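What follows is calculated from the coordinates using simple rules that are stated; it is not laboratory data. It should be emphasised that the depicted structure is a prediction, and the values quoted were computed from it without experimental measurement. Don't worry about glycine lacking a Cβ; one is built from the backbone with ideal geometry, like all the others, and counts go over all protein chains shown.
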Amino acid sequence: MSMRMDEVFETLRQYQEMLSKRVELEKQLEAMPKTIEIQNQMLSREKKSLAEVKEQYIFSEASLKDLRQQLEEAEIKRENAEKQMDGITTQREYDAVNKEIREASEKEQDLRRRIQEEERRFADVDDRMHRIEISVSALEAEINQKRNEIESNSKTISDEIENLHSEENSLTKELDDDLKFKFERIIRSKSGMGIVPIHGVVCTGCHMILPASFVNEVRQADKIVFCPYCSRILFYEETEADESMEEILTGSLVDLTEEEAEDTEDSENGEESEETSGRSKRGSSRKKKTPSEPVIDNDFLVDSMDE
Ligand SMILES: [Zn+2]
């Protein structure tokens with residue numbers, strides 16, 4: 001890498017600002033269609049009710065027509081019977097015609113009552129149908145308006161995102177593509193903080209205590225180092241309490257990592273023929289641990305963070 005490390009860190013900090021802004025905008029953009037989801041659901045419910053009520057309307061309309069038809073027939077029947085009355089000569093004939101008239105009248109009355117009932121039902125259905133129609137068109141208007149708003153806002157946000165993209169690209173021309181990719185994933189999963197200082201031996205991103213040898217690596221600032229716990233990029237920042245704190249923590253931390261190292265060795269001791277010599281080696285290499293010492297794999301962390 002041709003850049004100096006402090007330049008890389010500074011670039012990453014600026015990149016972080018742009019990325020956070022862009023991530024935020026992308027979230028907004030993604031959330032936008034959801035703002036009309038409720039109205040859309042209401043609309044589909046109203047449309048369903050409208051279809052049902054229309055069915056009732058058609059049914060009621062047909063039965064009204066049928067009842068009126070029947071009434072008309074009953075009236076004609078009664079009128080015809082009444083006309084017959086004039087030519088009647090015997091009691092028997094009279095009784096028969098009279099019965100016919102009475103039955104026709106009863107049927108008429110029954111039909112008139114049923115027609116009234118059906119008319120009430122029809123008026124009710126008609127009223128309901130109109131109310132739902134009004135609600136449907138109000139919802140449709142609201143959705144259309146919102147959709148237009150979303151479209152124009154989305155356009156504005158998309159433009160901003162595009163601008164940020166090109167700013168990012170010119171800022172990070174000299175950064176490694178893999179580093180950029182990782183950094184963006186860290187920013188996305190760690191709410192905007194992808195590069196954090198170490199204070200003493202503590203990662204200020206996740207507040208975990210880091211192995212002293214690891215802290216030294218960060219201090220040397222000759223390569224990009226990721227926090228083994230939270231995957232953020234680390235840089236060293238001097239604080240007043242550093243010296244004493246580091247002294248206190250260094251001893252216990254070395255012990256801790258040694259124990260961990262022993263555990264991993266035990267599990268794969270097949271090829272460790274140098275079990276005893278390894279022990280003495282470890283003792284002498286306290287101050288010079290290999291970079292892979294913190295057991296967690298950065299790549300794995302970064303890749304699995306979204307889950
Ligand atoms: Zn961390």
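Here are the numbers for this structure:
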item: Residues satisfying the stated conditions in region 126-137, i.e. surrounded by 14 or more Cβ atoms within 10 Å (Cβ to Cβ) and more than 16 Å from K48 (Cβ to Cβ); result: D126
item: Selection from region 198-221 of residues that are more than 11 Å from the ligand (Cβ to nearest atom) and either of a type in the set (G, A, S) or closer than 21 Å to E17 by Cα (or both); result: G200, A212, S213, A221
item: Residue list for region 144-197, restricted to those being within 16 Å of the ligand (Cβ to nearest atom) and not in a helix (DSSP H, G or I); result: K190, S191, G192, M193, G194, I195, V196, P197
item: Contacts under 6 angstrom Cβ, first residue in region 180-207 being on the phi < 0 side of the Ramachandran plot and small (G, A, S), partner within 11 Å of the ligand (Cβ to nearest atom) and part of a helix (DSSP H, G or I), 6 or more apart; result: G194/I186
item: Flag if M32 is surrounded by 13 or more Cβ atoms within 10 Å (Cβ to Cβ), more than 27 Å from T172 (Cβ to Cβ) and within 25 Å of the chain's Cα centre (by Cα); result: yes
item: Yes/no for I224 being of a type outside the set (D, E) and within 11 Å of the ligand (Cβ to nearest atom); result: no
item: Odd one out for E133 among (1) within 13 Å of the ligand (Cβ to nearest atom); (2) of a type outside the set (V, I, T); (3) part of a helix (DSSP H, G or I); result: (1)
